[in-house]
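Have a look at the structure below, then the notes.
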């Protein structure tokens, strides 16, 4: 009896990590070829690592991409600085994906992001 063994093709993932810091308009950009390490992300963003609800896409280099945005869930209590750029990008993602953003009818802001925000997306996943 012969057995057919399927050889697994190695997965090739290419993605980008955009790091938005308070008071900076442009992100620091790193590329990755494997799943980012959670411990490294915690060290970068904060110990209470959490996804940003509704931040599901980002426009980068003229292309809208699906993404995951991470922040320190305890950042407001810690008094971390407002991250204006990340908040604007979050508002854009909400409007693009859900039809409603962070700005209320009276012009006030419903929520905001503080501290470092990391946005990850995959450029190519051949796995």
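Quick look at the values:
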{"item": "Alpha carbon Rg of region 32-73, scaled by the compact-globule rule 2.2 N^0.38 Å", "result": "1.28"}
{"item": "Per-residue [θ]222 nm for the chain (sum of -39500 (n - 2.57) over DSSP H runs n ≥ 4, rounded to 500)", "result": "-6000 deg cm²/dmol"}
{"item": "Ranking of 32, 55 by count of other Cβ atoms within 10 Å, fewest first", "result": "32, 55"}
{"item": "For the chain, convex hull of alpha carbons as volume per residue, Å³", "result": "145 Å³"}
{"item": "Residue exposure sequence - 20, 105 - by fewest surrounding Cβ within 10 Å", "result": "105, 20"}
{"item": "Crossing angle, helix 84-98 versus the chain [Cα axis fit, 0-90 degrees, rounded to tens]", "result": "70 degrees"}
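Coordinate-derived values only; no laboratory data. Computed from a prediction, not measured in an experiment: that's the story for all the values here. When we count neighbours, we look across all protein chains shown, and the Cβ atoms used for this are built from the backbone with ideal geometry, even at glycine.
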